[in-house]
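Structure first, then comments.
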Amino acid sequence: MPRTVFVSRRDSTVAVVTVVKAEQTTRVRLPGGYRNEVWKVRSGRGWLIAALGPRGLAPQLVKHVPDAVTYSFVPGTMWRSGVADVAALLSAIHHGPAPRGLRGLCASASKARAHGDEMVAAVPKALAAGLVAVRPIAASSVAVKRPSLVHTDCGPGNLVRSRHGLVLIDWQCPGLGDPVEDLACFISPAMMILYQRQPHSARTIAKFLAAYSESPQGRAAVTRYRRDAAAWHYRIGGYCVWRAERLARRLPRVAARYRRALAAEITFLQDLS
């Protein structure tokens, strides 16, 4: 029987589903993010998929060549509930061996805030006024001691519940940094809105952080999150206002969703202060 696999070519912007031994290929748009690049891996990155796939954390690698990566389709449904499962998945990714060769991410809260400042500076002041009003004053400059593998886009659209458990897909922008980045991303009300979901409740967030805290490394990351959450969420707000401004003419409906996401992130930051 032919099997279904995904083929993601370098710099591709579409998902190509290949049916092995069949003569035709079909192009499909998958649920999840806006561009749906499925898995964008540059030459030399095949080891990342090969390392995570057998552990059940990512799709299984089928073939890797310099210009393309092929990996098995993961049958399942997009994540809807079960934050403890997400915490366990992220913990397994963050606390495994740190791979080499990936880009460096923001390793401290002050770096995250500075990145947010860069995005805010790139848009008209009036658009970012609400976010600037809640910009955190304090942000630790202490870098994480042990950089971890961080996904950077672990929103609900990139979490697939298969019969074997949760799998994290869309590894197009991973890096080495502080796991707090992924914690903030999953907790972020803006990210939930971008994926057309209701933001997490305070009770759900508390449950997620408690589940992630079950290991010593997890407790340390949650401590950093609680201390510096405002800096990381300000950065997410910066991304939202930056995207909203750039998409306003070309994709006004998507830009409007980014503005709604920004408003939710601002409210979240106000509640943190």
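The values are calculated or read from the model by the stated rules, or taken from the named source; none is laboratory data. On a predicted model such as this, the values are computed, not experimentally measured, just so you know. Cβ coordinates were reconstructed from backbone atoms using ideal geometry, including for glycine residues, and neighbour counts include every protein chain displayed.
Residue by residue through the range 109-122, note down the ones that are crowded, with 17+ Cβ neighbours inside 10 Å and either out of contact with any Asp or Glu (no Cβ under 9 Å at 6 or more places or on another chain) or closer than 24 Å to residue 172 by Cβ (or both).
If the condition is that a residue be crowded, with 17+ Cβ neighbours inside 10 Å and either out of contact with any Asp or Glu (no Cβ under 9 Å at 6 or more places or on another chain) or closer than 24 Å to residue 172 by Cβ (or both), then 111, 112, 115, 116, 119, 120 are the ones that fit.
Residue by residue through the range 138-163, note down the ones that are farther than 23 Å from residue 205 by Cα and at pLDDT 95 or above.
Hits for the range 138-163 are 141, 142, 143.
I'm trying to understand the selection: among the residues of the range 84-106, which are modelled with pLDDT of 95 or more and farther than 19 Å from residue 170 by Cα?
Across the range 84-106, the qualifying residues are 84, 106.
Show the residue pairs meeting these rules: Cβ distance below 9 Å; 6+ apart or different chains; first residue within the range 251-273 and within 25 Å of residue 206 (Cα to Cα) and in contact (Cβ under 8 Å) with a residue 40 or more places away in the chain; second residue outside any helix (DSSP H, G or I) and of a type in the set (D, E, K, R).
Qualifying pairs under 9 Å: 269/135.
State which residue pairs qualify: first residue assigned by TED's automatic domain parsing to the domain that holds residue 105 and inside the range 144-167, second residue surrounded by fewer than 21 Cβ atoms within 10 Å (Cβ to Cβ) and among the basic types (Lys, Arg) in any location, beta carbons under 6 Å apart, and separation of 6 or more residues or different chains.
These pairs meet every condition: 156/197.
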